[in-house]
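What follows is a short report on a single structure.
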């Protein structure tokens, strides 16, 4: 398998190669600019020198007289002070009268073919091949007293001389460029190291994998999750959150929007935003939610955003109802086991004393009452689960010294389609528990709790009556709100959920389209009447009891 370079090394090499390419391009541009500027400057310098020499007093007379030695004496000092490659003086016939570098060329023709314009009185700058090589030169005409051209002054810079200047400048630039390149190497390494540190030393593929895993995890979560940055703009939201908040837009369209434009928030939603919060009941988009909040803190002293997870409060209520139902089943089994142990212990004692006739009469007495209730419940209610619940409530109430009386005309052969069997059992169970608890507060002897269930009319009717202490009139309108209870503080057992039973009853009945009435019983106590309608077109048939 071909080895792969780490991301830090690849990024470093990319930056280095790119920097070298930039420096090479910059060097080429710099060479072009310097060469062009140098040619311009040297051309202008040659032009100035040629023009000044052509105007020197006495030069025109010596050129006209072809005084070669006089011309040399006049020009040589100037040549020694100039950086030009050569000085040339020629006559009107384009023959050399003075050549600073090649005296042997005196009286020989001038080379280059660029003298025509000079002989017409113009000063020129040209690049031509001369007697000692290619050069950048300027030529100026020499005028006599009658302003006639009688000679030519030519001052030039060899291209080799210009190349040497360019090379010297480029070497200096290369030295600074090398120093700059070393700094770029150092910067590139530090930069790539810092980038890798910001990436938690992970490779890009590992980061991509983490992002995909996070996306899949968020989409798989049952709870809704969204996150905002420090400006409270949405940076993340999963599918469950969009469904719980009834948001039809896709995640891509929601990201970047202010949270207030996406979700209807309560005024104090961001109160104490620097602190984490857990299991706070909040209304989001007109729905009660249980919200958790955790700060995104890249800096320990400053929050860079927040992550919110939430779930529908009704889901928690459903779980609480189911847990309460399980607890009731467990309590019923415990009570029945306790009573069975007492019954068995009594029977064993009679048998050990050999009082067989008394044992037989005891068995008949015990079984007669239990069998009577069992026969009645199993014949009137076709739901096995409901039969088990009612028998358990009957035994539980009897153990507490309270009789649970069933109306002789009770009947439940069908269940309204708007409510499930589990929810119906929760409604009946909670109402019976409240009635028994209310009766326990009355002095002995205690009146029975009465139950009436009928499906004979258009509504399923459930009535639970007790002769307890009753409910105050001021409390009745709020009796089915969560947390509201008619029991004094400290009277409920430890771990009990205050005010949750009737709240769940109201939720199930309302969900089934029914209603609840709370009235005073005669001579005292409370009567709960529940009406759940049967819809036209079908019902849930209850399974027959075993």
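Based on the convex hull around the alpha carbon atoms, the range 1-148 presents an average projected area of 13.9 nm². Label zone (residue 164, point 7 Å along Cα-to-C-beta; backbone nitrogen cut-off 15 Å) within the range 118-154: 133-136.
Directionally averaged projected area (the range 417-464, Cα convex hull): 3.8 nm².
Report D for the range 214-313 in µm² per second (integer): Stokes-Einstein, Kirkwood Rh on Cα pairs, 4 °C, 1.567 mPa s. Display every interim value, and only then the final one.
Numbers: Rh = 13.6 Å.
In µm²/s, the coefficient is 95.
Compute the FRET efficiency between residue 411 and residue 213 as 1/(1 + (r/R0)^6), taking r as their Cβ-Cβ distance and R0 = 56 Å, and round to the nearest 0.05. Display every interim value, and only then the final one.
Numbers: r = 57 Å, r/R0 = 1.02.
The computed FRET efficiency comes out at 0.45.
One Cα centroid belongs to the range 1-46, the other to the range 174-234; the line between them spans 29 Å. A simple spin-label model places pseudo-atoms 7 Å from Cα toward Cβ; at residue 147 and residue 295 they are separated by 9.1 nm.
Throughout, read-outs are computed from the coordinates displayed, never taken from laboratory work. Keep in mind the model is a prediction, meaning the values are calculated, not measured. With ideal geometry, Cβ positions are generated from the backbone for all residues, glycine too; neighbour counts draw on all protein chains shown.
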